[in-house]
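Heads up: the structure comes next, in structure tokens.
The values are calculated or read from the model by the stated rules, or taken from the named source; none is laboratory data. Model, not experiment: these values are computed from the prediction. Note that we place each Cβ from the backbone using ideal geometry, even for glycine, and neighbour counts take in every protein chain shown. Ligands, DNA and RNA are excluded from the accessible area calculation, which covers all protein heavy atoms including side chains. Shrake-Rupley method; radii C 1.70, N 1.55, O 1.52, S 1.80 Å.
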Amino acid sequence: MSRINWQRAAAVFALLMVSAGLRAELQIEITAGVDKAVPIAVVPFGWSGTGARPPQDAAAIVAADLARSGRFAPMDRKDMLQRPTAGTEVDFSDWKIQGSDVLVIGQVVQGAGDQFEIRFQVFDVLRGEQLLGYRQATNAADFRRNSHRVADLIYEKLTGIRGVFSTRIAYVTVAGPATKRIFRLIVTDADGENPRIMLESVQPIMSPAWSPDGRRIAYVSFENRRSEIYVQDLRSGSRKRVSARPGVNGAPAWSPDGRKLAVSLSRQDGNLDIYTLDLDSQVLTRLTSGAAIDTEPAWSLDGQQIYYTSDSTGGPQVYRVPALGGASQRVTFEGSYNARPRMSPDGKQLAVVHNDRGNYRIALVDLARSYTQVLSDGRLDESPSFAPNGETLIYATREGKRGVLATVSANGRIKQRLSTVEGDVREPAWSPFPPN
Amino acid sequence: MTMMKSLAALLTVALLAACAGPSRSTVDENAAGTAGTQTGGAMSSGVGEGGMGQGATMGGSALGGPGASQENRIIYFEYDRFDVKSEYNAVLQAHGKYLSANPTSRVRLEGHADERGSREYNIGLGEKRAQAVRNVLLLQGAASDQINTVSFGEERPAVTGDDEEAWSLNRRVEIVYGQ
């Protein structure tokens, strides 16, 4: 009876794939940085060409990326005494006097059609040595993305850690008056620029999850007034409903090979259990059973285990079960509430929502030593997601009554706040590394 | 606690009736839908609550059925719990009897949670709460094909606010007829 009615109910929703305007969707503010950010000078890149100039200021994008990492302190352009664009023009003593440890110079060279080449060099000012020289080809449309890639390469050279400036973030916003809420699933670049609306609905949207190749997003939509799981292609915007079984269809999580989703389903018996769903064959495999709420699955890196939240001993705790079936084993023991596990990229830690003396906070659970470290300091923090290099986590928190996003470095020292112009923002999911 | 719950229920009713309650709380679409004739925009069945025009007048008061008052169509729960408190026995008995006596009548149980903790776990709590109410209605004579459940977790709060008073109003199951 009601299934059909709900289908017909057709809540007003629209599928859009648009560049949603000129302004960044997220405003990013560093709230705590490292004590000794490395002073770096990123000189405006020169231009060598006769046609259309590059669409963005690559050096400005690179400097902003490095500043946002909290590990670097770029020199203000107007303090630069010289603006070399080639190695032969560099006078290291000037940069040394001005206190820069690292110097980045470069130029953008016009290619055929709308092609450009971003040529850049990185120097150790104190030793007067080149650390890195690279040519990054790009077309006009990908100029911003490739400028982020330049920042990634510089960051990796200087820190030994792969940069995440060219990654993206998916999240859910809620705007509008209480009687007419609009839910949106949005994807932006990691710096908050280039926002795109993937889905817009008057009914809730939840739990966005990136496929391992970064091309698709799985999420939960209530557009038919019940929870259903969809998989949407980012490039084309086309999507497929992959689970609309009776009861709850929730918490999709991609297997590392991208072939399966782990999900939480309640089905006919009303009992939330963990299943895997093979996306090609549609074969459903049940992994847990019993009266407990079993939800929020997350795969181990090798795809052999699935971590999940269960209240089988009372309050929610994290358990794990073999992905092909087997006995469950409890993983978290510290505190009354540990939920929504997310595996760190090195496989050594779980990020969880942890009840810390009455406050819901983001914590890291060390799997080898079973040690819990609280990272955030809010009252209602939730939805932690690791950057693909493992250095940073993004999560949802509150600023007054508003939902905002925040990031914290895995060592707890570097913090940022990301807020939208209006409304709430929640459920951030950090993309994997882009394909090279 | 019971006193507080009653006050809380009264507050909701007052807010819904007047749409001009205390400034710190606002009523959302879902709560408004429960009070009026619409249910959050899904108007497909054509059997709006107001349209039924025949409340179950059990023992002279509209405790159960589509004519039940607002406060008799919301069941509240304790934090991280999904057991139905005994204070709701009479109300749920009335709804169960109504469904039993009106086999073509349909009801949808919408489970909700407060905002604390993780969102999908709260979907689980909302579903468990809806299932708990469903089980009581079945014991009272309702048939299983008369009852549907859905969980909105913390996604559709009845009131905004981040204190115990708001949370206690959001941990609920709403009984919606005509679905």
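Charges only on Cβ, +1 for Lys and Arg, -1 for Asp and Glu: so what's the dipole of region A:246-399 about the Cα centre, in debye to the nearest 20?
My answer is approximately 180 debye.
Hey, what angle do you get for helix A:143-159 against the long axis of chain A, alpha-carbon based, 0 to 90 degrees rounded to 10?
Between the helix axis and the principal axis of chain A, the angle is about 80 degrees.
What does the charge dipole of region A:110-177 about its Cα centre add up to, to the nearest 20 debye, if the Cβ of each Lys and Arg holds +1 and the Cβ of each Asp and Glu holds -1? Numbers along the way, then the final one.
Numbers: 9 positive and 7 negative charges, 22 e Å.
Roughly 100 debye, rounded to the nearest 20.
Taking the radius of gyration and the Kirkwood hydrodynamic radius from Cα positions alone, what is the Rg/Rh ratio for the protein assembly as shown, to two decimal places? Present the calculation step by step, with values, prior to reporting the outcome.
Working: Rg = 27.0 Å, Rh = 26.0 Å.
Ratio of gyration radius to Kirkwood radius: 1.04.
Give me the one-decimal nm value for the distance between modelled label points at A:ASP94 and A:ASN139, 7 Å along each residue's Cα-to-Cβ direction.
3.8 nm
Using a Gaussian network for chain A with springs between C-alpha atoms less than 10 Å apart, which of these wobbles most: A:LEU132, A:LEU81, A:LEU265?
A:LEU81
Full-extension gain between A:SER336 and A:SER312, please, as 0.36 nm times their residue separation minus the C-alpha to C-alpha distance.
7.4 nm
Taking both sides together, what accessible area is buried at the A/B interface, probe 1.4 Å, expressed in Å² and rounded to the nearest 100?
Chain pair A/B: roughly 3900 Å² of buried accessible area.
Under the definition of Cα pairs under 8 Å and six or more residues apart, what whole-number percent is the relative contact order of chain A?
Numbers: 1134 pairs, mean separation 56.7, N = 436.
Worked out over chain A, it gives 13 percent.
For an R0 of 25 angstrom, estimate the FRET efficiency from the Cβ-Cβ distance between B:ASP83 and A:ARG267 and round to the nearest 0.05.
It comes out at approximately 0.70.
Does any residue of region A:371-409 lose at least 30 Å² of accessible area with all protein chains in place compared with its chain alone, and if so which ones (probe 1.4 Å)?
Buried by 30 Å² or more upon assembly, which counts only protein chains, are A:ARG379, A:LEU380, A:GLU382, A:ARG398, A:LYS401.
Note down the relative contact order for region A:313-415 as a percent, whole number, built from C-alpha pairs under 8 angstrom at least six residues apart.
Result for region A:313-415 is 16 percent.
For region A:92-151 and region A:24-91, write down the distance between their C-alpha centroids in whole Å.
Centre-to-centre distance over Cα atoms comes out at 9 Å.
Mind giving me the nanometre distance, one decimal, between the label points for A:ARG286 and A:LEU81, set 7 Å out from Cα along Cα→Cβ?
7.6 nm
Per 10 Å bin from zero, what fraction in whole % of the C-alpha pairs of region B:76-179 is there, up to the bin with the longest pair?
17, 47, 28, 7, 0
Sort all Cα-Cα distances of region A:301-435 into consecutive 10 angstrom bins from zero, then give the percent of pairs in each bin up to the one containing the longest distance.
Histogramming region A:301-435 at 10 Å steps yields 13, 42, 33, 11, 1 percent.
Provide the per-residue ³J(HN,Hα) series for region A:90-96, in order, calculated from phi with Karplus coefficients 6.51, -1.76, 1.60 and θ = phi - 60°, each as a whole number of Hz, with x at glycine and proline positions.
Once θ is set to phi - 60°, the couplings for region A:90-96 become 7, 10, 4, 5, 4, 5, 5 Hz.
Using a 7 Å offset from Cα along Cα-Cβ at A:SER236, what residues in region A:252-285 end up with backbone N under 20 Å from the label point?
Hits in region A:252-285 for A:SER236 at 20 Å: A:258-261, A:279-282.
Relative to the longest principal axis of chain A, what angle (0 to 90°, nearest 10) does the C-alpha long axis of helix A:58-68 take?
60 degrees
Which whole-Hz ³J(HN,Hα) couplings does region B:74-79 yield from phi under the Karplus relation 6.51 cos²θ - 1.76 cosθ + 1.60, θ = phi - 60°, glycine and proline marked x?
Here the 3J(HN,Hα) series is 10, 10, 9, 10, 7, 4 Hz.
Counting only DSSP beta bridges with both residues in chain A, what percent are antiparallel, rounded to the nearest 5?
90 percent
A:LYS401 to A:ARG357: extension gain in nm, 0.36 nm per residue of separation minus the Cα-Cα distance?
13.8 nm
With a 1.4 Å probe and all protein chains left in place, how much accessible area per residue does chain A have, in Å²?
Working: 17850 Å² over 436 residues.
Per-residue accessible area for chain A comes out at 41 Å².
Distance cut-off 23 Å, Cα to Cα: go down the list A:LYS260/A:LYS415; A:LYS180/B:LYS128; A:LYS240/A:LYS260; A:LYS36/A:LYS157; A:LYS180/A:LYS240 and report the pairs above it. List each step's numbers first, then the result.
Working: A:LYS260/A:LYS415 34 Å; A:LYS180/B:LYS128 27 Å; A:LYS240/A:LYS260 14 Å; A:LYS36/A:LYS157 18 Å; A:LYS180/A:LYS240 26 Å.
Correct reply: A:LYS260/A:LYS415; A:LYS180/B:LYS128; A:LYS180/A:LYS240.
Name the residues of region B:104-119, by number, that are at least 20 Å² less accessible with every protein chain in place than in the isolated chain; the surface is that of heavy atoms, probe 1.4 Å, without ligands or nucleic acids.
Flagged in region B:104-119: B:ARG106, B:ARG108, B:GLU115, B:ARG116, B:GLY117, B:SER118, B:ARG119.
If I compute solvent accessible area with a 1.4 Å probe over the protein chains, what percent of it on chain A is carbon and sulfur?
So the carbon and sulfur contribution to the accessible surface is 47 percent.
Please check region B:128-145 for residues whose accessible area, probe 1.4 Å, is lower by 30 Å² or more when all protein chains are in place than in their chain alone.
Going by heavy-atom accessible area, the residues of region B:128-145 that drop by at least 30 Å² are B:LYS128, B:GLN131.
If r is the Cβ-Cβ distance from A:GLN373 to A:VAL38 and R0 is 25 Å, what FRET efficiency results, to the nearest 0.05?
FRET efficiency, A:GLN373 to A:VAL38: 0.45.
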